[in-house]
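The values are calculated or read from the model by the stated rules, or taken from the named source; none is laboratory data. Predicted model only: the values in this text are computed from it and were never measured. Here Cβ is always computed from backbone atoms with ideal geometry, including for glycine, and neighbour counts include all displayed protein chains.
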Amino acid sequence: MTLRLEMDGAVAHLWIDRPERHNAFTLAMWQAVPGLLAEAVAAPDVRVIVLTSAQAGLFCAGADIDEMLAARDDSALLSATQEAINAAQYALAQTPKPTIAFIDGDAIGGGCGLALACDMRVATARARLGITPARLGLIYPLHDTALLVDLVGPGQARRLMFSGLLIGADEAQRIGLIEEIADSVMPLATIIAANSAFSVAGIKRTVARVLDGQKIEDAASLALFASAFSEGDFGQRAEAFLARRRR
């Protein structure tokens, strides 16, 4: 199985496991992403979803080039591939539970796009990231480009896409392409999983509104803020906090 979901308590791992092709994504793999994410979201114990390679030293080399070449002369296959890539990326970006890409190796092209669609990116020191469609005569999808511009700004986005350069973890962190350099994703995932799932989901929705351009409170955002006092676990957590402080 080239893509599989494993749940370990509060953390679900979406494993990419096609090492013989540097974890390049086939059409079937793109098509599998939304369903696997839905399964993780439906699991009540899962608080965080981690996208990573099953094999150390890898992340994802992007879309399978053999399939991309075949799609060039097959309009139905091209349409199916484009639809599957877009659906996978949208599903990953819009998943209500927090997502982290753990990058240990190369994240290139569509592989970098998968990392961009996650809420956060943690990379090891040996990771390299690059967006290389210009090397192949392709054009990066609008959705993925928007995610990149949101992270690094238009100038850095143009530099990365026009050049097709592969950059290391240090530079990726400096320009905002990744959030953390670490040997493991689990410390961050564990911290997030220990916090209120209600709060984290609400924060994720609020950040999405800001990225969509909203800067002023409206009825929906005010209602979301107020809902924490009656619908979430604020009371339980606040009482536990006060009890610890009184000791």
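Given the residues Ile216, Ile178, which is the only one that is in a loop (DSSP other than H, G, I, E, B), without any contact (Cβ under 8 Å) to a residue 60 or more places away in the chain and hydrophobic (A, V, I, L, M, F, W, C)? Before you say what the answer is, go through the steps one by one.
On the way: Ile178 fails: without any contact (Cβ under 8 Å) to a residue 60 or more places away in the chain.
Sole residue among the options that is in a loop (DSSP other than H, G, I, E, B), without any contact (Cβ under 8 Å) to a residue 60 or more places away in the chain and hydrophobic (A, V, I, L, M, F, W, C): Ile216.
For Leu36, indicate whether it is over 27 Å from Thr124 (Cβ atoms), of a type outside the set (D, E, K, R) and either under 18 Å from the mean Cα position of the chain (by Cα) or assigned to a helix (DSSP H, G or I) (or both).
no
Only one residue in Ala115, Ala107, Ala146 is closer than 19 Å to Asn86 by Cα, part of a strand (DSSP E or B) and among the small types (Gly, Ala, Ser). Which one? Don't jump to the end; show me each part of the working.
On the way: Ala115 fails: part of a strand (DSSP E or B); Ala146 fails: part of a strand (DSSP E or B).
After applying the criteria, what remains is Ala107.
Name every residue in region 1-33 that is assigned to a strand (DSSP E or B) and modelled with pLDDT under 95, in order of residue number. Break it down stepwise before answering.
Pass one, region 1-33, residues assigned to a strand (DSSP E or B): 3-8, 11-16, 25.
Selection gives Asp8 alone.
Scanning region 8-21 for residues that are of a type outside the set (Lys, Arg) and buried (at least 18 other Cβ atoms within 10 Å of the Cβ), which turns out nearest to Thr190 (Cα to Cα)? Lay out the reasoning, then the answer.
Start the filter on region 8-21 by keeping residues that are of a type outside the set (Lys, Arg), which leaves 8-17, 19-20.
Going one step further and asking which of them are buried (at least 18 other Cβ atoms within 10 Å of the Cβ), we end up with 11-16.
On the way: Val11: 8, Ala12: 11, His13: 13, Leu14: 16, Trp15: 18, Ile16: 21 Å.
The qualifying residue nearest to Thr190 (Cα to Cα) is Val11.
It is to be established whether one or more residues within region 171-184 are touching a Gly at 6+ places or on another chain (Cβ under 9 Å), at pLDDT 95 or above, in the same structural domain as Gly109 (by TED's automatic domain parsing) and of a type in the set (A, V, I, L, M).
Here is the first cut: in region 171-184, the ones touching a Gly at 6+ places or on another chain (Cβ under 9 Å) are 175-176.
Pick out the ones that are also at pLDDT 95 or above and you get 175-176.
Now drop any that are not in the same structural domain as Gly109 (by TED's automatic domain parsing), which leaves 175-176.
From what's left, of a type in the set (A, V, I, L, M): 175.
Looking through region 171-184, at least one residue is touching a Gly at 6+ places or on another chain (Cβ under 9 Å), at pLDDT 95 or above, in the same structural domain as Gly109 (by TED's automatic domain parsing) and of a type in the set (A, V, I, L, M).
Of the conditions (1) assigned by TED's automatic domain parsing to the domain that holds Ala56; (2) surrounded by 12 or more Cβ atoms within 10 Å (Cβ to Cβ), Lys204 satisfies every one except a single condition; which number is it?
(1)
Might you check whether a residue that is over 17 Å from Met1 (Cα atoms), in contact with a Cys (Cβ under 8 Å, 6 or more places away or on another chain) and modelled with pLDDT of 95 or more occurs anywhere in region 39-56?
So far as region 39-56 goes, no, none of its residues is over 17 Å from Met1 (Cα atoms), in contact with a Cys (Cβ under 8 Å, 6 or more places away or on another chain) and modelled with pLDDT of 95 or more.
From the residues in region 118-143 that are part of a loop (DSSP other than H, G, I, E, B) and hydrophobic (A, V, I, L, M, F, W, C), which one is surrounded by the most Cβ atoms within 10 Å (Cβ to Cβ)?
Of all residues in region 118-143, those part of a loop (DSSP other than H, G, I, E, B) come to 118-119, 124-127, 131-132, 137-141.
Then keep just the ones that are hydrophobic (A, V, I, L, M, F, W, C); that gives 118, 125, 127, 131, 138-139.
Numbers: Cys118: 22, Ala125: 11, Ala127: 26, Ile131: 29, Leu138: 14, Ile139: 10.
Top of the filtered list is Ile131.
What are the residues in region 39-53 that are outside any strand (DSSP E or B) and in contact (Cβ under 8 Å) with a residue 24 or more places away in the chain, if any?
Going residue by residue through region 39-53, those that are outside any strand (DSSP E or B) are 39-47.
Listed by number, the residues that qualify are Glu39, Ala40, Val41, Ala43, Asp45, Val46, Arg47.
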